[in-house]
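Engineer: Sharing a structure below in structure tokens format, with a few things to ask.
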Amino acid sequence: MSVPLRTSPAAAHDEDASRTHGREFEFGDRDFRRVCDLIRQRAGIALADGKRDMVYGRLSRRLRALGMRSFREYLDQLESDGGDEWQAFTNALTTNLTSFFREPHHFDRLREELERRGGAGTLRLWSCAASTGEEPYSIAITACEAFGTMAPPVRILATDVDTQVLATGARGVYPLERIAGLDDGLRRRYFQRGTGPNEGHCRIHPALRQLIDFRPLNLLAPRYDVEGPYTAIFCRNVMIYFDKPTQRGILSRLVPHLADDGMLYTGHSENYLHAADIIQPCGRTLYRRAGARG
């Protein structure tokens, strides 16, 4: 009877260590797998094998900051008594790619919907992967344009799992190149150009910041402690990081917060054919709750 060969723990460690040749910290297969498991449990993010260098680069900064010598030491401490480091770990591995008025057809449609609902009282809008704030501020500008006032009847909730990017959004200060592609009129009305030590930057008009509540929220949470219902929920370009079962779970928690005639705005590379019992398409990357009247 033959027995499969097994690699001893020491040999496995040597094999892992050999993969870290030339790097500041030991980072082998087992370390990468542990990182993948932990970020999946913590934030639902599924890291592909091609993300090894990204993981090493981003978490190496945490090892240096904490004075640690290896990923094994860092991950051991994280699992035994992570504390605030769990948030730093999540922040480091969260990808934040955004811009003002990204996928502009969504904001054209949002303006139409807001104009149609004029006089219906305060409308609630939610950016649930707000990143550094460009999306919720684009929503706020759209509302101002739709109602012709800097104090439109809307309240905007902006949430993200990454507390660092939320802090950036709440500050509302950006390099000028971030708004270079915007219409001149929008830049004049909604952004204040910095001078002196703030040269090269701009600040969001204070009236826009007053419309938005920035708050941390993990989409993997079993329930979302948010008010509603929401006329619009923007959940764009975040679901691509989750597998199908996780997507269904998130949708099942998001959709009940939609108004009866509210819409879910999604990313251009996302589709939800596997969740037709939860949401149904009603336009270009737009969805309503299943069974809702269009």
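The values are calculated or read from the model by the stated rules, or taken from the named source; none is laboratory data. Computed from a predicted model, the values in this text were never measured in an experiment. Neighbour counts are summed over all protein chains in view; Cβ atoms, including those assigned to glycine, are modelled from backbone coordinates with ideal geometry.
Engineer: Going by what's in this entry, would G133 be described as under 28 Å from I39 (Cβ atoms), assigned by TED's automatic domain parsing to the domain that holds G172 and either modelled with pLDDT under 90 or not polar (S, T, N, Q) (or both)?
Structural biologist: Spelling it out, G133 is indeed under 28 Å from I39 (Cβ atoms), assigned by TED's automatic domain parsing to the domain that holds G172 and either modelled with pLDDT under 90 or not polar (S, T, N, Q) (or both).
Engineer: Could you check how many residues of the range 185-224 are in a strand (DSSP E or B), closer than 22 Å to N91 by Cβ, touching a strand residue (DSSP E or B) at 6+ places or on another chain (Cβ under 6 Å) and not basic (K, R)?
Structural biologist: 3
Engineer: Check Y265 against each of (1) modelled with pLDDT of 90 or more; (2) surrounded by fewer than 20 Cβ atoms within 10 Å (Cβ to Cβ); (3) not in a helix (DSSP H, G or I) and name the one condition it does not meet.
Structural biologist: (2)
Engineer: When you scan the range 204-247, how many residues do you find that are farther than 23 Å from D261 by Cα, under 11 Å from the mean Cα position of the chain (by Cα) and aromatic (F, W, Y)?
Structural biologist: Looking only at that region, the number is 1.
Engineer: Which of the residues that make up the range 137-159 are touching a strand residue (DSSP E or B) at 6+ places or on another chain (Cβ under 7 Å) and not basic (K, R)?
Structural biologist: The answer is Y137, I139, A140, A143, P153, V154, I156, L157, A158, T159.
Engineer: Now, a different point. In this structure, does V226 turn out to be surrounded by 15 or more Cβ atoms within 10 Å (Cβ to Cβ), in contact (Cβ under 8 Å) with a residue 40 or more places away in the chain, in the same structural domain as L166 (by TED's automatic domain parsing) and closer than 20 Å to T98 by Cα?
Structural biologist: Criteria not met by V226.
Quick grid of which residues meet (1) surrounded by fewer than 18 Cβ atoms within 10 Å (Cβ to Cβ); (2) under 17 Å from the mean Cα position of the chain (by Cα); (3) of a type in the set (S, T, N, Q):
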residue	(1), (2), (3)
R30	yes, no, no
Q41	yes, yes, yes
I45	no, yes, no
L59	no, no, no
L63	no, no, no
R69	yes, no, no
A88	no, yes, no
P104	yes, no, no
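Engineer: Within the range 159-198, can you find the residues that are within 24 Å of W86 (Cβ to Cβ) and not hydroxyl-bearing (S, T, Y)? Talk me through it step by step, then tell me what you get.
Structural biologist: So in the range 159-198, the residues within 24 Å of W86 (Cβ to Cβ) come out as 159-171.
Matches in the range 159-198: D160, V161, D162, Q164, V165, L166, A167, G169, A170, R171.
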